[in-house]
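Each remark here refers to the structure printed beneath this line.
The values are calculated or read from the model by the stated rules, or taken from the named source; none is laboratory data. For clarity, every value in this text was computed on a predicted model and none was experimentally measured. Here the Cβ positions follow ideal geometry from the backbone for every residue, glycine too, while neighbour counts run over all protein chains shown. To get the accessible areas, we keep the full protein, side chains included, count just its heavy atoms, and leave off ligands, DNA and RNA. Shrake-Rupley method; radii C 1.70, N 1.55, O 1.52, S 1.80 Å.
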Amino acid sequence: EDQVTQSPEALRLQEGESSSLNCSYTVSGLRGLFWYRQDPGKGPEFLFTLYSAGEEKEKERLKATLTKKESFLHITAPKPEDSATYLCAVQANTGTASKLTFGTGTRLQVTL
Amino acid sequence: DGGITQSPKYLFRKEGQNVTLSCEQNLNHDAMYWYRQDPGQGLRLIYYSQIVNDFQKGDIAEGYSVSREKKESFPLTVTSAQKNPTAFYLCASKTNNYQPQHFGDGTRLSIL
């Protein structure tokens, strides 16, 4: 059974204080690992897809990396508008349904 | 603007009542998905459809039903058999297997 574990559950940072969110996974052959951002009362917003170990993707203050067992979402010099819940999901390389297994998310709060 | 529209934003269900949540997309995506999100849990897959007039059960399909008569539409009915329907329901869609799922802004369902 595919599993995704995210840590920490919650993280509070001061503006400008860089940190990393972790996503550990077990999957029967990884087709893709996805990062999403979710604001309260809204649907998840797609951020990145990573396909193979060693791959990195960047967008503004966010950088996602991937190993064979985990992914990190690095946040450099965060701003209050980066406050959100960050979700990680994996898609297995079996079947054709493109089903995703989600973690429970990391709630990030960035204060002034 | 292309996107996924879920309605209503808030919905209340009485005992013994069936309610239907709407999901419409104008992205020309083939596959559509319904998820349920509860506090402290990852998104859980209810039903999915990869093509018109075909759909499959996800991990928690009991008490729910769907139809896919048009490519753009994938309504979800929460039946009276679903004993714990209070949750945030999210609809998603995607194109081919290597693209991410994109989400609507959800419907929050509560029991009266």
**Report entry** Selection within segment B:1-28 - farther than 23 Å from B:Thr79 by Cα and either within 14 Å of chain A (Cβ to nearest Cβ) or of a type in the set (Ser, Thr, Tyr) (or both)
**Finding:** B:Gly2, B:Gly3, B:Ile4, B:Gln25, B:Leu27
Query raised in the report: Which of the residues spanning segment A:28-72 are open to solvent by less than 40 Å² (accessible area, probe 1.4 Å), under 27 Å from B:Phe88 (Cβ atoms) and away from chain B (no Cβ under 13 Å)?
Result: A:Leu62, A:Ser71
Query raised in the report: Do we find that B:Glu62 is more than 9 Å from chain A (Cβ to nearest Cβ), touching a residue at least 12 places away in the same chain (Cβ under 8 Å), open to solvent by 50 Å² or more (accessible area, probe 1.4 Å) and within 25 Å of A:Glu45 (Cβ to Cβ) in this structure?
Result: no
Requested in this report: Tell me which residues, restricted to segment A:75-111, are under 9 Å from the mean Cα position of the chain (by Cα) and more than 10 Å from chain B (Cβ to nearest Cβ).
Outcome: A:Tyr86, A:Thr106
Query raised in the report: Which residues, counting only those in segment B:33-51, are at the interface with chain A (Cβ under 9 Å from one of its Cβ atoms) and of a type in the set (Ser, Thr, Tyr)?
Result: B:Tyr33, B:Tyr35, B:Tyr48
Query raised in the report: Going by the conditions given, is B:Tyr89 buried (at least 20 other Cβ atoms within 10 Å of the Cβ), closer than 24 Å to A:Gln91 by Cα and of a type in the set (Phe, Trp, Tyr)?
Result: yes
Requested in this report: Would you mind telling me which numbered condition in (1) outside any strand (DSSP E or B); (2) of a type in the set (Gly, Ala, Ser); (3) at pLDDT 95 or above B:Ser65 fails?
Outcome: (1)
Query raised in the report: Going by the conditions given, is A:Lys57 of a type in the set (Lys, Arg), under 23 Å from B:Gln99 (Cβ atoms), touching a His at 6+ places or on another chain (Cβ under 6 Å) and not in a loop (DSSP other than H, G, I, E, B)?
Result: no
Query - A:Gly32 vs. criteria touching a Phe, Trp or Tyr at 6+ places or on another chain (Cβ under 8 Å) and over 20 Å from B:Gln41 (Cα atoms) - result: yes
Query raised in the report: Hey, any hits in segment A:18-29 for a residue that's within 22 Å of B:Gly104 (Cβ to Cβ), touching a strand residue (DSSP E or B) at 6+ places or on another chain (Cβ under 8 Å) and assigned to a loop (DSSP other than H, G, I, E, B)?
Result: no
Query raised in the report: Which members of segment A:73-107 meet the condition of being open to solvent by 10 Å² or more (accessible area, probe 1.4 Å), closer than 14 Å to A:Ala10 by Cα and out of contact with any Lys or Arg (no Cβ under 8 Å at 6 or more places or on another chain)?
Result: A:Ser83, A:Thr104, A:Arg107
Report task. Give B:Leu43, B:Leu112 a once-over and let me know the one that is among the hydrophobic types (A, V, I, L, M, F, W, C) and surrounded by 15 or more Cβ atoms within 10 Å (Cβ to Cβ). Result -> B:Leu43
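Conditions tested, residue by residue: (1) of a type in the set (Lys, Arg); (2) farther than 19 Å from A:Phe102 by Cβ; (3) at pLDDT below 95; (4) assigned to a strand (DSSP E or B).
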residue	(1), (2), (3), (4)
B:Trp34	no, no, no, yes
B:Pro39	no, no, yes, no
B:Phe55	no, yes, no, yes
B:Ile60	no, no, no, no
B:Thr77	no, yes, no, yes
B:Ala81	no, yes, yes, no
B:Tyr98	no, no, yes, no
B:Asp105	no, no, no, no
